[in-house]
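*Asks:* I'd like to ask you about the structure that follows.
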Amino acid sequence: MMISPVEERRPAVRAALRSIQWATLAFLVAIGIGPLYMTVKGAVSPSADLIARPLALWPADPRPENFALAWADLGVGGYLLNTVQVVGGAWAVQLVVAVTAGFALSVLRPWFGRWVYGAILATMFVPYTVSMVSLFMTVIDLGMVDTYWSIWLPAGANAFNVLLAKRFFDALPAELFAAARIDGATTWQLLTRIVLPMSRPIVAVISLLAVMHSWKDFIWPLVALTDPDKQPISVALANLAEQAPQDELIAAMAMALAPPVLIFLVFQKYIVAGLGFTGVKG
């Protein structure tokens, strides 16, 4: 609904607009923070309280020791360590592939680059589950089942990251590359001494997106890692759901949520800045 400047100056209209804005803000905050709050609330609630008063805003008898029990009894520490290894390797592979592919397509620009770029973008229209069977057969043939390489290498095939990197590199001044080539700079020097120092915003964006995606990924780690001692926290929680006490299970969920939430809160400004440079809008 459009409101003219004359109507907007009326006290009743301004009050109505502010009420709508505050109500919308409160609704969005409730949607965003509500699940996190209920997870923390459930993590410190006794099992009996979860059953008797599931919608209570806070438990009558909080039990913060549930976190220590979940850490000791459910082995959350080991699963989080596995998750760090999975996420670290997937992040490194995604970053290397996205930066080098974006650099080649945007700066080097081979004659077949447009066809390669089109093929990369076409993979974004293929559902993830469609390629899972062929991917799993490939992993079996390469002998990578129950190894972290089965997670790390497929993670590099992320067309969206290549898109982000290429769009960012396209915005860099071409004159700078031409001057560097005249001065005798090699391709490796162009990448490491000119492009990468100027690409910190997009490197931060790709890194954060890679970490967030890898941390919450469930289906592929469940398929590729059958050894419980190597599974990340996302898969372990699903396996523990049938046998662990409910309060300890929710405490484990809260501990699994904490790292990505904290990372996002600390580095969210880099995501906004980096996406602003690429021109990609979501």
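*Asks:* Taking the Cβ-Cβ separation of Thr24 and Asn239 as r and a Förster radius of 45 Å, what is the calculated FRET efficiency to the nearest 0.05?
*Replies:* 0.70
*Asks:* So if each residue of separation counts as 0.36 nm, and I subtract the Cα-Cα distance between Ala157 and Arg10, what length gain in nm does that give?
*Replies:* Gain on extension, Ala157 to Arg10, equals 47.4 nm.
*Asks:* Given DSSP loops and a limit of at most 12 other Cβ atoms within 10 Å, what is the longest stretch of the chain that contains no such GluC sites (Glu not before Pro)?
*Replies:* Longest stretch, sites excluded: 66-241.
*Asks:* Give the long-range amide H neighbours of Ala244: residues separated by 5 or more places, or on another chain, with amide H under 5 Å away, using H modelled in the peptide plane at 1.01 Å from N.
*Replies:* Under 5 Å from the amide H of Ala244 lies no amide H from a residue far enough along the sequence or on another chain.
*Asks:* Could you tell me the accessible area of Tyr79 in Å² (1.4 Å probe, neighbours in place), rounded to the nearest ten?
*Replies:* Roll a 1.4 Å probe over it and Tyr79 shows about 50 Å².
*Asks:* Can you send over the solvent-accessible area of Lys166, 1.4 Å probe, protein chains only, in Å² to the nearest 10?
*Replies:* 30
*Asks:* With the full set of protein chains in place, find how many percent of the accessible area of the chain is carbon and sulfur; take the probe as 1.4 Å.
*Replies:* Exposed carbon and sulfur together represent 70 percent of the surface.
*Asks:* Considering the options Trp215, Ala244, Ala254, tell which one lies farthest towards the positive end of the dipole of the range 205-274, charges being +1 on Lys and Arg and -1 on Asp and Glu at the Cβ, about the Cα centre.
*Replies:* Trp215
*Asks:* If you don't mind, another one. From the phi angles alone, apply the Karplus equation (6.51, -1.76, 1.60; θ = phi - 60°) to the range 193-202 and give each ³J(HN,Hα) in whole Hz, x where the residue is Gly or Pro.
*Replies:* With the stated coefficients, the range 193-202 comes to 9, 10, 6, 4, x, 8, 10, 4, x, 6 Hz.
*Asks:* Sticking with this structure for a sec: Would you mind pulling out the separation of the Cα centroids of the range 76-133 and the range 200-222, in Å?
*Replies:* 10
*Asks:* To the nearest 20 debye, what is the magnitude of the charge dipole of the range 126-282 about its Cα centre, counting +1 on the Cβ of each Lys and Arg and -1 on the Cβ of each Asp and Glu?
*Replies:* The dipole of the range 126-282 has a size of about 820 debye.
*Asks:* From the phi angles alone, apply the Karplus equation (6.51, -1.76, 1.60; θ = phi - 60°) to the range 222-234 and give each ³J(HN,Hα) in whole Hz, x where the residue is Gly or Pro.
*Replies:* Karplus values, whole Hz, x for Gly and Pro: 5, 7, 7, 10, 8, 7, x, 6, 10, 6, x, 5, 4.
*Asks:* At a probe radius of 1.4 Å, what is the per-residue accessible area of Met137, in Å² to the nearest 10?
*Replies:* Probe radius 1.4 Å; accessible area of Met137 about 100 Å².
*Asks:* For the range 111-126, just list the computed ³J(HN,Hα) in residue order, Karplus coefficients 6.51, -1.76 and 1.60, θ = phi - 60°, integers in Hz, with x standing in for Gly and Pro.
*Replies:* 5, 8, x, 5, 6, 5, 5, x, 5, 5, 5, 4, 5, 5, 8, 8
*Asks:* Follow-up question, since we're still on this one. Can you work out the PRE-style zone for Val261? Point 7 Å along Cα to Cβ, and I want the residues of the range 39-75 with backbone N under 13 Å.
*Replies:* Answer for the range 39-75: 39-44.
The values are calculated or read from the model by the stated rules, or taken from the named source; none is laboratory data. The structure displayed is predicted, hence computed values, not measured ones. For neighbour counting, all protein chains shown are included, and Cβ atoms are generated from backbone atoms with ideal geometry for every residue, glycine included. Only protein heavy atoms, including side chains, enter the accessible area calculation; ligands, DNA and RNA are left aside. Shrake-Rupley method; radii C 1.70, N 1.55, O 1.52, S 1.80 Å.
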